[in-house]
Amino acid sequence: MGLSSGTFGADESGMSRPGRLVLSLGTVIVVVGLSKAHAVASGYVWSGSPRFAWSLAWIVSLCLAAYAFGLPEQVRTRRAAVLAAVLATVSAALAMSAIELFLGDALLPRFVVFGSAVVLVPFYVLCAVFTADIDVRAGERDRVLVVAAAEEMESIEADLARAAERPAMIVGWLTPVEATSTSVPPARPLVDAVRIARATVLVLSRAAQNDNDIVLQASELHESGVRIRTLSLFYEEWLGKLPISELERISLLFDIGELHAAWYGRVKRLLDVALALCGLAVLALITPLVVIGDLIGNRGPLFYRQPRTGRAGVPFEMLKFRTMRACAPEQADDWTAEHDVRITTFGGLLRRSHLDELPQVVNILRGELSVVGPRPEQPHVVEELVDKIPFYRLRHLVRPGLTGWAQVKYQYAGTDAETLEKLQYEFFYLRRQSLGLDLRIVGRTLRSVAMGEGR
């Protein structure tokens, strides 16, 4: 299926690796080609000059900017793809120009910088088209039939529509009772339903897995090429979360990187310190601007300090730029609503840009936070949730994070119900914790900041 001028693609779908690979390789080819062409025309050896390293930095900047503006998989229309491509290349070019201005040296020829931008805008749009076609075909390929209770089915449909990791099409649904053979000789309602719907993936709830007749029918379908998934595995692979119904059952049935892979914990800590040191330099540059903004529209203390629960349940004081006006002590620990009247005008700007979180680089250097991990909650909130959710303490086995999988997938939780929803994503992170996933989360966080999402 091709692109129309309307909607295309899928939500953060299928991780869209082919599209990202094509975009990255194309960026490398264009920048390297233009760099070598300029070197030949100007009579110098590109690979032996300082411009070689800066060309690599330019490639990285372009790829990060493209990802931050939703390319290649998150844009929805051709117009959005063009706009994202222009913004990505212009942002990268402005960043490189700012570095050159700061250093007082032409690090890259203008021919390379602006030539890359001109060539890559249409190329990035084509990558978006290519990725959209892949996602549509993947959605058609993953035709899903679900055997589950009505409430489980409703959750699957809602999650697929809101935040799918891989595109899929629900083509059928049976309750466990409807999928069970009841006649003599036995009918095969599940087999018949899968074949009529031409389903390629069969998802079984826990109740369905406990029915021997359903398992026998699923075995026959498996032999014919239909993929079989438990509800938990389907949530992991297609939705990037663990279902509420499975959290308590599987909460101890997986390794956690920070606990069971010593090398991962050490490498992650080194990366945390390196990124925090870079963030400290940015904090030093941003703080005077925040001070001026506070004087105009956010009068009061510069920083907001709040107790949070850290690793192993140890409390610490988390730093933020203050974004709310002073309130009564009994209101200080209230949930922050989406349009909270306590948020000042300048504080709202800090929240939308995520700059209010920047002082937390100090918490990272102290070892109280990591760059990536479950977001820390206030101690009184933790006490309440531990009483309501017996397995909630598991999230405190790892160091909390400045950003996390739940933040990039679900954004903000302001109620107990939303906190339970976020916990499904946090358990997915604990189960899949790795440097690769951490990098994906950092990339998506940059995208969120660039596109003005968040609070």
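Condition first: over 20 Å from P50 (Cβ atoms) and free of Cβ contacts under 8 Å to residues at least 24 places away in the same chain. Now tell me which residues in the stretch 107-128 satisfy that.
Selection gives V118, L126.
What do you reckon, is R266 at pLDDT below 85 and not aromatic (F, W, Y)? Considered against the rule, which asks whether it is at pLDDT below 85 and not aromatic (F, W, Y), R266 comes out as no. Give me the residue from the stretch 353-394 that is among the polar types (S, T, N, Q) and either in a helix (DSSP H, G or I) or surrounded by fewer than 20 Cβ atoms within 10 Å (Cβ to Cβ) (or both) and, out of that set, modelled with the lowest pLDDT. Here the residue is S353. When you look at Y235, is it outside the structural domain of Q424 (by TED's automatic domain parsing) and modelled with pLDDT of 90 or more, yes or no? Yes. Restricting L242, L202 to those that are in contact with a Ser or Thr (Cβ under 8 Å, 6 or more places away or on another chain) and either closer than 18 Å to F427 by Cβ or crowded, with 21+ Cβ neighbours inside 10 Å (or both) reduces the list to L242. Screening R299, R269 for residues that are among the charged types (D, E, K, R) and surrounded by 15 or more Cβ atoms within 10 Å (Cβ to Cβ) leaves exactly one candidate, R269. Of everything listed in (1) in contact with a Phe, Trp or Tyr (Cβ under 7 Å, 6 or more places away or on another chain); (2) within 24 Å of K320 (Cα to Cα); (3) modelled with pLDDT of 85 or more, the single unmet condition for F428 is (2). When T175 is tested against (1) at pLDDT 90 or above; (2) touching a Lys or Arg at 6+ places or on another chain (Cβ under 7 Å), only condition (2) is not met. The residues in the stretch 140-154 that are at pLDDT below 90, surrounded by 20 or more Cβ atoms within 10 Å (Cβ to Cβ) and assigned to a helix (DSSP H, G or I) can be counted, and the count is 0. Restricting L239, L259 to those that are in contact with a Gly (Cβ under 9 Å, 6 or more places away or on another chain) and farther than 17 Å from G172 by Cα reduces the list to L259.
The single condition among (1) in the same structural domain as D159 (by TED's automatic domain parsing); (2) surrounded by fewer than 18 Cβ atoms within 10 Å (Cβ to Cβ); (3) under 26 Å from L397 (Cα atoms) that V215 does not satisfy is (3).
Taking the listed residues S97, S47, the one that is free of Cβ contacts under 8 Å to residues at least 60 places away in the same chain, among the polar types (S, T, N, Q), loosely packed, with under 14 Cβ neighbours inside 10 Å and at negative phi is S47, with no other qualifying. The lone criterion from (1) modelled with pLDDT under 90; (2) surrounded by fewer than 22 Cβ atoms within 10 Å (Cβ to Cβ) left unmet by G19 is number (2).
The values are calculated or read from the model by the stated rules, or taken from the named source; none is laboratory data. These numbers come from a predicted model, not from an experiment. Please note: Cβ atoms are built from the backbone with ideal geometry, for glycine as well, and neighbour counts cover all protein chains shown.
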